[in-house]
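The values are calculated or read from the model by the stated rules, or taken from the named source; none is laboratory data. For clarity, every value in this text was computed on a predicted model and none was experimentally measured. So basically every Cβ, Gly included, is an ideal-geometry build from the backbone, and we count neighbours across all protein chains shown.
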């Protein structure tokens, strides 16, 4: 018995030893190899510690910068990503930092950014740690998948967002504006024609309604629970401390936030499967009931799930994950962009007047808009493009090199995480001029390609092979809602508005967007 205990003890010591060596390899040896290769090429960065990398320094810098926030258009970079600004000043536009187990190469040099678009989605992939930390929200859907699975999902989903399909959705987008317009008219009629309204709440409902109607064949009322729970899940995941080097382990702990995430994930899955079952039942129905013309996206996802097992994903997960991706990306980013648009127009009344004059002239009292009318809204398009520059919905591009690659003359070793901060590119004075921080839609008068040099420094919908598939729908949605709102209401800044953008996977107003809305006579 005594010898058995000694043997067990020896085995435990050996296992603990192996575990420690493994952790030391992951947390120090592998990252140190990457650091040495990049440092030999002149890439510098803050000195990391063993377990936490540079995460403690990040927290310290963020805490110090909170009290220094300024009320201007680009102040959120100094409060949301202050460590990036400080390290750039110290180490230049390309620097290396650590989150403990991962080495992140922060890139803002134009040639390196351009070269990222030359590598395939199988060579530069979404980082595994991001896929794990955000799996409850995105699963293995098109926003997070890589390689063959991503290519297959894009093949299934991209055709549903081609311009020809969007033309048929304009009427549904118009239908979704009606509840917003009626609600605001009722509010203003009862308050003398002018009142402070938190516009972001209504715009989220509008955008969610568009996705529910146009892509899933149901009204917002039917998808309300799904949108609400996905919003809660987004907030819960954004609360996780992503700066902790061992954050991948925290999700297994029975913390309150982890329990909330798991509960929401299960509830969302059940709701989406219920919607997909209704779709399957309608598809197989023989009672002659016509199917909705605009639920082909859900139909395509369901059909695509039948082929998904070859990509090591269950059919149910394929449906749920891609529906969650569409629900999140399809309504969240458009709603936030519309919110920032109204804020910038309220803060710049001259551009609000110009955009409104164009809308009234082009639309000419039309009860129904179409794609040709939307193309004529040049001023409004410029306003949207400038808003996307100042407040891009996707703030960070993160890629993991699965092989040794070369970017702008730098040899990047396998295993390196490459990061691009989109707002920083969009405010680069060398690319945009000394007025880069100002709201100047006229810079887009000749289109996005001519707005800056080099043109790839503008990437509101991403860059390279993983360019957002839904950008046509997003632009149509933004033009319709803004055109209808500008034709009926004027907007001015509310004294109670606090300009404090927050990073919750997207950049959004921390305390909502109250604007003074006045009904036009």
Can you run down the residue pairs with Cβ atoms below 9 Å, 6 or more apart or on separate chains, where the first is in region 501-521 and on the phi > 0 side of the Ramachandran plot and the partner is assigned to a loop (DSSP other than H, G, I, E, B) and buried (at least 17 other Cβ atoms within 10 Å of the Cβ)?
-> 505/134; 505/394; 505/395; 512/497
Residues in region 306-315 that are part of a helix (DSSP H, G or I) and either farther than 17 Å from residue 147 by Cα or modelled with pLDDT of 90 or more (or both) total 1
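Looking only at residues that are in a loop (DSSP other than H, G, I, E, B) and farther than 16 Å from residue 521 by Cβ in region 345-367, which one is nearest to the chain's Cα centre (by Cα)? If you could, list the steps in order and put the result at the bottom.
Applying the first criterion (in a loop (DSSP other than H, G, I, E, B)) to region 345-367 yields 348, 364-367.
Checking which are farther than 16 Å from residue 521 by Cβ leaves us with 348, 364, 366-367.
Numbers: 348: 26, 364: 35, 366: 33, 367: 33 Å.
That would be 348.
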Where a residue in region 334-361 is on the phi > 0 side of the Ramachandran plot and modelled with pLDDT of 95 or more and its partner, wherever it lies, is part of a helix (DSSP H, G or I) and surrounded by fewer than 22 Cβ atoms within 10 Å (Cβ to Cβ), with Cβ under 7 Å and at least six apart = none
Extreme residue, farthest from residue 84 (Cα to Cα), among residues of region 391-407 that are over 12 Å from the mean Cα position of the chain (by Cα) and buried (at least 20 other Cβ atoms within 10 Å of the Cβ) = 405
Go through region 423-445 residue by residue and tally those that are under 18 Å from residue 459 (Cβ atoms), surrounded by fewer than 18 Cβ atoms within 10 Å (Cβ to Cβ) and modelled with pLDDT of 95 or more.
-> 0
Output yes when any residue across region 162-169 is touching a helix residue (DSSP H, G or I) at 6+ places or on another chain (Cβ under 7 Å), without any contact (Cβ under 8 Å) to a residue 40 or more places away in the chain and part of a loop (DSSP other than H, G, I, E, B), and no when none is.
-> no
Take residue 83 and decide whether it is assigned to a strand (DSSP E or B), under 30 Å from residue 261 (Cβ atoms) and in contact with a helix residue (DSSP H, G or I) (Cβ under 9 Å, 6 or more places away or on another chain).
-> no
Scan region 437-451 for residues that are in a loop (DSSP other than H, G, I, E, B) and in contact (Cβ under 8 Å) with a residue 24 or more places away in the chain and report the count.
-> 7
When you look at residue 155, is it assigned to a strand (DSSP E or B) and at pLDDT 90 or above, yes or no?
-> no
Going through region 452-489 one residue at a time, which ones are part of a loop (DSSP other than H, G, I, E, B) and without any contact (Cβ under 8 Å) to a residue 12 or more places away in the chain?
-> 467
What do you reckon, is residue 376 within 21 Å of the chain's Cα centre (by Cα) and surrounded by fewer than 18 Cβ atoms within 10 Å (Cβ to Cβ)?
-> no
Could you grab me the full set of residues in region 111-152 that are more than 27 Å from residue 234 (Cα to Cα), outside any helix (DSSP H, G or I) and in contact with a strand residue (DSSP E or B) (Cβ under 8 Å, 6 or more places away or on another chain)?
-> 119, 123
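Is region 507-519 home to any residue that is in a loop (DSSP other than H, G, I, E, B) and touching a strand residue (DSSP E or B) at 6+ places or on another chain (Cβ under 6 Å)?
yes
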